[in-house]
Amino acid sequence: MHRSVHTGMQNCRMTVDPQDLLLLLAVARTGRYTSAAATLGVNHTTVARRVAALEKALGGRVLARTAGGWELTELGRRAASAAEGVESAMAVLESSGTETAALTGVVRMSATDGFSAFVAAPAVAALQRHNPLLQVELVTVTRRALQQRSGLDIEVVVGRPQVHRAEALLLAAYELGMYGSREYLAAHGTPADLVELATHRLVYFIDSMLMVDDLDAPRRLVPTMRDSLTSTNVFVHVEATRAGAGIGLLPCFVADRHPDLVRVLPDEIAERLSYWMVVRRESLDRPAVAAVIQAVRRRVAEMEPELLGRRDLRPTS
């Protein structure tokens, strides 16, 4: 049975199905009808039909199609805000009764592979210990900040982003260095300068698929290094370097966890980059999003020496 939900969008009460509000929230978070349908266990035609019913009840469009998927309209943002209230109320009712003060809802975040694994995941896990109803979806990707960020509450990107209708927050600086495995360096020699480094093969991102200009360091610093094994994933870079595929340009906070990796020419190559967080303005008002942001920033502060490649913190063999 449909209940009367007062959304505050008109001066009268409108008959709105709360399930349609929750469905709109799923579309807003994923940016696509098909993804929302998969999340809710229905088909995409049902999603389209229920969105149309919601728009009829509210008297206007709640979604607009963009290049990146479906974006909320102004009316849709207000409806989604009401939906978050419904979602929170349902979560409290479904809880044991001892978690009424806990954060609820779903926060979707994108970040690079290394940041996701060693910064975001531990930060979220610590937050969830006291907020078991909080769900976080972490999408790993290395790219520029999106101009249309359908379905994303938080993005973490490398380099200062140029964004509209969003807030960009500086998180932290981090350092990349050249690394080789002990076995590889024993067999091929440790380069004494950039000229010798150029004779080795590079383990790094696929140049033609690199979407972040700030990550072009090896092509700028050692342009004659030939590619060896390249990948879009930093953990492939690490494991390929450990396996002896060549010398890898790696984030220090990832590489320094492996005692079989040796940093080479640290004074010549110490590429300092920065992580930035991009947040939709409407997401900043959500307690769950604000809590995830705070948890990530706290984790970043704790990891500052590791992020900056402090050599005295490296494990010994």
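Residue ranges 103-115, 169-181, 289-301, 223-235 sort as 103-115, 169-181, 289-301, 223-235 when ordered by packing (mean number of other C-beta atoms within 10 Å per residue, highest first). For the stretch 233-292, the convex hull spanned by the alpha carbon atoms encloses 122 Å³ per residue. Extension gain for the segment R160 to F235, taken as residue separation times 0.36 nm less the Cα-Cα distance, is 24.6 nm to one decimal. Listed peptides 212-220, 135-143, 154-162 appear in the order 154-162, 135-143, 212-220 once ranked by packing, highest mean of other Cβ atoms within 10 Å at the front. Working from label points 7 Å from Cα in the Cα-to-Cβ sense, the H130 to T45 distance is 4.9 nm. Against the main long axis of the alpha-carbon atoms of the chain, helix 18-30 sits at an angle near 20°. Placing R0 at 45 angstrom, the Cβ-Cβ distance between T34 and R220 gives a FRET efficiency of 0.65 after rounding to 0.05. Rounded to two decimals, the Cα radius of gyration of the stretch 176-287 over 2.2 N^0.38 Å is 1.19.
Enter the Cα centre distance for the pair the stretch 44-72 and the stretch 213-290, rounded to the nearest angstrom. For the stretch 44-72 versus the stretch 213-290, the Cα centre distance is 40 Å.
Here, each number is a calculation from the coordinates, and none is a lab measurement. Please read these numbers as outputs of a predicted model, since none were measured by experiment. We place every Cβ from the backbone using ideal geometry, glycine too, and count neighbours over all the protein chains shown.
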